[in-house]
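Engineer: Pasting a structure below so you can have a look.
The values are calculated or read from the model by the stated rules, or taken from the named source; none is laboratory data. Note that the structure is predicted; figures quoted are calculated from it, not measured. In this analysis, Cβ positions are derived from the backbone assuming ideal geometry, glycine residues included, and neighbour counts consider all displayed protein chains. What goes into the accessible areas is simple: the full protein's heavy atoms, side chains included, and nothing from ligands, DNA or RNA. Shrake-Rupley method; radii C 1.70, N 1.55, O 1.52, S 1.80 Å.
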Number of protein chains: 2
Amino acid sequence: MNVGFEKVEKGLENIAIKETCLSNIDGEKGKLYYVGYSIEELAEYSSYEEVCFLLLNGRLPTRNELEKFSAMLVSDRSLPRQVVDALRTLPRTAPLMSWLKTGVDLLSLYDQDAEKTDDESRMRTATRLISKVATLTAAAYRLARGLEPVEPSPELSHAGNFLYMVKGSSPSPLEEKIMDVAFILHAEHELPASTTAALVVASTLSDLYSAVSAGIGALKGPLHGGANERALEMLQTIGSPDKADEYVANELAAKRRIMGFGHRVYRSFDPRARIFKRYLEQLSERTGDKTLLQIAEAVENAMMNRMGGRNIFPNIDLYSGPVFHLLGLGKEIFTPFFAAARTVGWIAHVLEYWRDNRLIRPRAVYVGPEPRSYIPLDRR
Amino acid sequence: MNVGFEKVEKGLENIAIKETCLSNIDGEKGKLYYVGYSIEELAEYSSYEEVCFLLLNGRLPTRNELEKFSAMLVSDRSLPRQVVDALRTLPRTAPLMSWLKTGVDLLSLYDQDAEKTDDESRMRTATRLISKVATLTAAAYRLARGLEPVEPSPELSHAGNFLYMVKGSSPSPLEEKIMDVAFILHAEHELPASTTAALVVASTLSDLYSAVSAGIGALKGPLHGGANERALEMLQTIGSPDKADEYVANELAAKRRIMGFGHRVYRSFDPRARIFKRYLEQLSERTGDKTLLQIAEAVENAMMNRMGGRNIFPNIDLYSGPVFHLLGLGKEIFTPFFAAARTVGWIAHVLEYWRDNRLIRPRAVYVGPEPRSYIPLDRR
């Protein structure tokens, strides 16, 4: 009965829903840029605070701007007492992503600026969310493990403070640098389902908290977040490098997916995987524990030998899991950390979309029964 | 730099993202069908419980099935004590939609089936959500007004119980019928932003609570929910029928939008508006208060005279606001009620999509700076 849109754009594959200046993925060449700067240079030379400023403002900050922006993030780190009290009552068996979503909703209720729509209030809410979602993540992680939350430290960088709040001790310079790189690599990646969910919500002119909450809800799904948890489990299951090839052969024969490979957009090596791999090498060297690195490399080699030429390459998840593991993070925080780091990407896309907002209202192709008469209950 | 998708499908207008058997909108003729049954017949002869069964199962229930399904909804009405306790602590100044979203997230934490993915568990979670979001809505409304929540009554229909929980007294048969019709008319409407947000979240194989929470977040935005609140405010501002034409003339001259008219999909009279108008007539007759009806009709006439032929017709919001007002509902519950009624539509679309799931991952057209070298902080 419907005419005019017979075709279903499944998964919206290759359908553009907005213009962006935020990130550019060259899937063929395996390149990723934030506002024109390559992810390799940003990971090496910049900081997460600087990348957040870049994504929110479209340019790198001056020293003065960066100091002001960083100070704002620091001042936003603490959670309202009522939110922490509420978190304490939550059942520890629930997924951490559900804690995080609940926490973001609770935060919105205590933010007097949450409903304001002027640019300045929105920017304040943006930094508040970037800062507080990281604190929420650490607090939820500890509470779910039966530990007391650690108050944020105003002395540390965003990444250093995150590790401090999670572990309760100050990180080494290498650990802080790697955590910072992890935040940078997860900050933004165009329009995955989570960012799309945030945009759809925001396109009704709803608030930033609702957009971020939708992003978290999407990231919670196993087809989006959680892949590095499962990639790490795979490496741990394999157990030693010499068993990798056999494992890969068996899984491929059984037509099961090997975790940590392939990406809807990249048809080449995921540049973030390459960066993480280098830091995994450094961290393995430092800790003296090279097992996971060697297994991951062996899996990569096995996949290249067996699947080479089929556009299947390692993605970020193969190497991020081992990195986080060596940083002392439990698997259950991997996806919540992703949410904390990506909050800036969700918000930056929403702010960009709001500059030329259009309500997102697609259609469905109706394939159900033709119009028919209602049948009273007695005659069914 | 991007090739292959130069065109941006703004707002996804006329882009189909799925097939559906759930509803069919004939925007030209002003017709709406749920699974083939016209909204007029469903409003007149069926009940919300029956419509929920229809949307979840694709067919009308037998008497036995309807009794079982209704009993399940009744048994799911109460909220966990911990959720009510948490609601009591929330700040009364926050929007009711934010309360509702927080409530849904809290509910997920106490539902042991929330993460289960078999069909039966999902159907249990579906009825639980349909039932409990209505209870949440009523409880949040009362708590925000400083009133004690009213325990659900197992004796009443879904709609009758909703009115009872909101107002604390049993509704008359006419009030119950009108509330039931309101639930039916708001149950499902293809793919507005809220349903789209729920689908995007669900396409990652996230859970039903996260999908419903995203729907609420989208509905919260003024471009989606809330239009009937503002339409009612408009009617109250106009104050009497003889001032309607002048008001419309002034607003049109100032190029401001008249609330309660026009719809992205309908190019004709919104069939739901016609139904609500009839019940507004009955309710006005019964209460003896015809002012809002007469003003709404006068605005409709003024719009037809001044805009006739331009495909601008009354939509559901023009008449639902006055109906809810005469039922004794405060404006702040209009959109939360919409969420409670639409929960079934969000879930039915998600369950339908999951039968042939594809991760929703659109693209953006990159229009930002070309690749450039990072500039160290000292040289900016």
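Engineer: Taking 0.36 nm per residue of sequence separation and subtracting the Cα-Cα distance, how much length would be gained by fully extending the chain between B:ARG256 and B:THR287, in nm to one decimal?
Structural biologist: The span from B:ARG256 to B:THR287 would gain 7.9 nm if fully extended.
Engineer: Which cross-chain or sequence-distant (5 or more) residues have an amide H under 5 Å from the amide H of A:VAL35, H modelled 1.01 Å from N in plane?
Structural biologist: A:SER23, A:ASN24
Engineer: Comparing the chain by itself with all protein chains present, which residues of the range A:338-379 are at least 50 Å² less accessible (probe 1.4 Å)?
Structural biologist: A:ARG358, A:LEU359, A:ARG361, A:PRO362, A:ARG363, A:ALA364, A:TYR366, A:VAL367, A:ARG372, A:TYR374, A:LEU377
Engineer: A further question follows. In deg cm²/dmol and to the nearest 500, what is the mean residue ellipticity at 222 nm of chain B if only DSSP H runs of at least 4 residues count, each as -39500 (n - 2.57), divided by the residue total?
Structural biologist: After summing the helix terms and dividing by residue count, I get -17500 deg cm²/dmol.
Engineer: Let me ask something else about it. Relative contact order of chain A: what whole-number percent is it, with Cα pairs under 8 angstrom and at least 6 residues apart?
Structural biologist: Taking the mean separation of contacting Cα pairs over the length of chain A, I get 23 percent.
Engineer: Shifting gears a bit: Under a Cβ-Cβ cut-off of 15 Å, what is the net charge of the residues other than A:GLY160 that fall near it, where Lys and Arg count +1 and Asp and Glu count -1?
Structural biologist: Residues near A:GLY160 contribute -4 overall.
Engineer: Please list, in chain and number order, the residues 5+ apart from A:ALA16 or on another chain whose amide H is under 5 Å from its amide H, with Hs placed from the backbone.
Structural biologist: Placed amide hydrogens put B:GLU9, B:ARG363 under 5 Å from A:ALA16.
Engineer: Which distances, in nm and shortest first, link the A:ARG81 label point to the same label point in every other copy, taking 7 Å along Cα→Cβ?
Structural biologist: A:ARG81 label point versus its equivalents elsewhere: 2.6 nm.
Engineer: Sticking with this structure for a sec: How big is the accessible area of A:SER47 in square angstrom, nearest 10, if you roll a 1.4 angstrom probe over the protein chains?
Structural biologist: Probe radius 1.4 Å; accessible area of A:SER47 about 30 Å².
Engineer: Given the protein chains as shown and a 1.4 Å probe, how many square angstrom of A:MET234 are accessible, to the nearest 10?
Structural biologist: 10
Engineer: Hey, got the dipole for the range B:167-210? About the Cα centre, +1 on K and R Cβ, -1 on D and E Cβ, debye to the nearest 20?
Structural biologist: 100
Engineer: Is there a quick way to get the dipole size of the protein assembly as shown? I mean about its Cα centre, with the Cβ of Lys and Arg at +1 and of Asp and Glu at -1; what is the value in debye to the nearest 20?
Structural biologist: 400
Engineer: Once you put a point 7 Å from the Cα of B:ARG264 and another 7 Å from the Cα of B:SER75, both along the Cβ direction, what distance in nm separates them?
Structural biologist: For the pair B:ARG264/B:SER75, the computed spacing is 3.9 nm.
Engineer: Still on this structure: Using alpha carbons only, how many angstrom separate the centre of the range A:332-376 from the centre of the range B:30-74?
Structural biologist: Using only Cα atoms to place each centre, the spacing works out to 26 Å.
Engineer: Here is a follow-up. What nm value, rounded to one decimal, do you get for the distance between B:ARG355 and B:ARG88 when each label is placed 7 Å out toward the C-beta?
Structural biologist: About 4.5 nm separates the two model spin labels.
Engineer: Give the ranking of B:ASP76, B:ASP242 by solvent-accessible surface, highest area first, calculated with a 1.4 Å probe.
Structural biologist: Most to least solvent-accessible, the answer reads B:ASP242, B:ASP76.
Engineer: Also, quick follow-up: How much accessible area is lost when chains A and B come together, counting both sides, with a 1.4 Å probe, in Å² rounded to the nearest 100?
Structural biologist: In total, chains A and B hide about 9300 Å² from solvent.
Engineer: A further question follows. Just to confirm my numbers, what's the Cα centroid distance between the range B:182-241 and the range A:253-267 in Å?
Structural biologist: 37
Engineer: Please report how many Lys pairs in the range A:173-332 have alpha carbons closer than 29 angstrom, counting only residues at least 8 apart along the chain or sitting on separate chains.
Structural biologist: 16
Engineer: Report, for A:GLY58, each distance to the same residue's label point in the other copies, shortest first and in nm; define the point 7 Å along Cα→Cβ.
Structural biologist: 4.8
Engineer: Using the Karplus curve 6.51 cos²θ - 1.76 cosθ + 1.60 with θ = phi - 60°, work out ³J(HN,Hα) for each residue of the range B:125-134 in order, rounded to whole Hz, and write x for Gly and Pro.
Structural biologist: Residue by residue, the range B:125-134 yields 5, 4, 5, 4, 5, 4, 6, 6, 5, 5 Hz.
Engineer: Leaving out ligands and nucleic acids, and using a 1.4 Å probe, what accessible area per residue does the range B:1-132 come to in Å²?
Structural biologist: Counting only protein heavy atoms, the per-residue value for the range B:1-132 is 41 Å².
Engineer: Can you classify the range B:180-248 as rounded, prolate or oblate using the Cα gyration tensor, where a ≥ b ≥ c are the square roots of its eigenvalues, rounded means a/c under 1.5, and otherwise it's prolate if a/b beats b/c and oblate if not?
Structural biologist: Taking the square roots of the gyration eigenvalues as a ≥ b ≥ c, the range B:180-248 is prolate.
Engineer: Let me ask another. Return the sequence-ordered ³J(HN,Hα) values of the range A:326-332 in whole Hz as given by the Karplus equation 6.51 cos²θ - 1.76 cosθ + 1.60 applied to θ = phi - 60°, using x for Gly and Pro.
Structural biologist: Per-residue couplings from phi come out as 6, 7, x, 8, x, 3, 5 Hz.
Engineer: Ok, one more. Where Lys and Arg each count +1 and Asp and Glu each count -1, what net charge lies around A:LEU283 among other residues with Cβ under 11 Å from its Cβ?
Structural biologist: It works out to a net charge of +1.
Engineer: Whole-Hz Karplus ³J(HN,Hα) for the range B:100-108, in order, using 6.51 cos²θ - 1.76 cosθ + 1.60 and θ = phi - 60°, x for Gly and Pro?
Structural biologist: Result, ordered by residue: 5, 4, 4, x, 5, 5, 4, 4, 4 Hz.
Engineer: Considering only the label points, 7 Å along Cα→Cβ from Cα, what distances in nm to one decimal separate B:ARG256 from the same position in each other copy, shortest first?
Structural biologist: Output for B:ARG256: 6.4 nm, nearest copy listed first.
Engineer: Continuing with the same structure: Provide the per residue accessible area, probe 1.4 Å, for the range A:222-352, rounded to a whole number of square angstrom.
Structural biologist: Result: 38 Å² per residue.
Engineer: Here's another thing I want to ask about it. So how much slack lies between A:ARG278 and A:MET304, counting 0.36 nm per residue of separation and subtracting their Cα-Cα distance, in nm?
Structural biologist: Gain on extension, A:ARG278 to A:MET304, equals 7.5 nm.
Engineer: Do any residues of the range A:200-249 show a loss of at least 50 square angstrom of accessible area between the isolated chain and the full protein assembly, using a 1.4 Å probe, and if so which?
Structural biologist: At a threshold of 50 Å² (probe 1.4 Å), the residues of the range A:200-249 that become less exposed are A:VAL200, A:THR204, A:LYS220, A:LEU223.
Engineer: If I take every Cα pair under 8 Å that is 6 or more residues apart in the range B:221-380, average their sequence separation and divide by the length, what percent do I get for the relative contact order?
Structural biologist: For the range B:221-380, the relative contact order is 31 percent.
Engineer: Quick check: at a probe of 1.4 Å, how many percent of the accessible area of chain A sits on carbon and sulfur atoms?
Structural biologist: 47
Engineer: Between chain A and chain B, with a rotation axis joining them, whose C-beta in A is nearest that axis, and what is the whole-Å distance?
Structural biologist: Residue and rounded Å distance to the axis: A:ALA214, 2.
Engineer: Using Cα positions and a limit of under 20 Å, work out the lysines in reach of A:LYS7, with same-chain residues fewer than 8 apart set aside.
Structural biologist: B:LYS7, B:LYS10, B:LYS18
Engineer: What does the net charge come to around A:PRO61 if you take all other residues with beta carbon closer than 11 Å to its beta carbon, with K and R at +1 and D and E at -1?
Structural biologist: Residues near A:PRO61 contribute 0 overall.
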